[in-house]
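Every number in this text was worked out from the coordinates using simple rules, so none of it is lab data. What you see is a predicted model, and the numbers here were worked out from it, not measured in a lab. Cβ placement follows ideal geometry from the backbone for every residue including glycine, while neighbour counts extend to all protein chains displayed.
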Amino acid sequence: MPFIDDYWSEQFVERGIDKLPFTLSCAPPNTPLAARPDWRLPGDSLPGSDFDMLTSQALDDFGSSIAIANCLHGAVAAHSDDLTAVLSRAVNEWLVRRWLDRDPRLRASIVIPLENAELAVDEIEARAADKRFVAVLMLAMLERPLGNRSFWPIYAAAERHDLPIVVHAGSLYRSAPTSIGWPSYFLEDYVNYSGAFESQLLSLISEGVFVKFPSLKIVFAEAGFCWLPAFMWRANKAWRGIRAEVPWVKEHPSTIVRRHVRFTLQPIDEPPDESQLEQVIEQIRCDDLFLFSTDYPHWQFDGLDAVPKPFGPIARKMLWDNPLATYPRLKETLG
């Protein structure tokens, strides 16, 4: 509320929505996976919302010199374009004053109205001068596939300002989160995210997003990656047979993925045997794809052991080189 103008503050009070938490339904805060028990706050406070705990647990404990905050806020799910724009603007201003201004290690992704490209571009332009905003945040499940041309103005603005697009696990629930309809349980929803990311990746490639925006990077956050080898094999095979339909896709889909798409490490869909994970890494055949992440405050791994042993040989790239190559603004703010 302190970051909303007088007109909208009055509207919030009159509508009785000034006390709503605006949490996304796809990320229920009280599920066990939402936060490790020792990372939870007392009472009803949302996990990850306390500044002192976050800087201690997600920065100090991991030895992080820079951390990018991706704020999953219900602002993006409102059906009113005006309300979504106002809330997105307020969330970004809240990020600046309550987080970025208080610790020089913090960076953030720009929260945007996801279903209105014009308003989304306005918010990107409004935040672009602040180099501490290093990416644009989107969700994996919207009303349309991400390759759809209605989103292209967002990609154009992001490319213009050296901002990668972070596609985070999450849904607006405007349509069923599975290809066969609405599930009954969160387990189904959660497991099916890998299928959503596969569909989005294929859409971005097939629609020609990376042809139109050749310097654009896409970061898949909380997507896992053990599904990637099979996806690339199948996409390559199908492309060879029916590529006449998409003549702008002049390279194997796997080549496009390795050049343009990056994956956060945590939460990792890790097989039980380390040798199997080593095989997956070898099958992906690109050390540039991996970005270190903690997934704070979610409960996806134990203790501070966020780098599985098979990633040891490429730890330097994953922890330092790849993030700097993916997020150009990090180099500028590091001096």
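Data table
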{"item": "F62 long-range amide H proximity, modeled H, under 5 Å", "result": "none"}
{"item": "Those aspartates and glutamates that a straight Cα-Cα span of less than 16 Å connects to K131, excepting residues fewer than 8 apart in one chain", "result": "E93, D101, D103, E123, E159, D162, E332"}
{"item": "Highest-MSF residue in the chain out of Q300, Q266, Q11 [GNM, Cα springs under 10 Å]", "result": "Q11"}
{"item": "Cβ crowding within 10 Å averaged over residues, with 307-318, 33-44, 249-260 ranked highest first", "result": "249-260, 307-318, 33-44"}
{"item": "Per-peptide average of other Cβ atoms within 10 Å, ordering 103-109, 176-182 highest first", "result": "103-109, 176-182"}
{"item": "Lysines with Cα under 16 Å of K250, excluding same-chain neighbours fewer than 8 positions away", "result": "K212, K237"}
{"item": "Beta bridges by DSSP in region 141-263, antiparallel share as percent, to the nearest 5", "result": "10 percent"}
{"item": "Cross-link partners of K309 among lysines (Cα-Cα below 21 Å; sequence separation of 8 or more within a chain)", "result": "K317"}
{"item": "Antiparallel bridges, percent of DSSP beta bridges restricted to the chain (to nearest 5)", "result": "5 percent"}
{"item": "Region 274-306: GluC sites (Glu not before Pro) falling in loop per DSSP and having at most 14 other Cβ within 10 Å", "result": "none"}
{"item": "Packing-based ranking, highest mean first, of 185-193, 126-134 given that Cβ atoms within 10 Å are counted", "result": "126-134, 185-193"}
{"item": "Among (i) 23.0; (ii) 21.6; (iii) 20.7, the entry that matches Kirkwood radius over Cα pairs in Å as calculated here", "result": "(iii)"}
{"item": "Within region 60-143, GluC sites (Glu not before Pro) in DSSP loop having at most 15 other beta-carbon neighbours inside 10 Å", "result": "E143"}
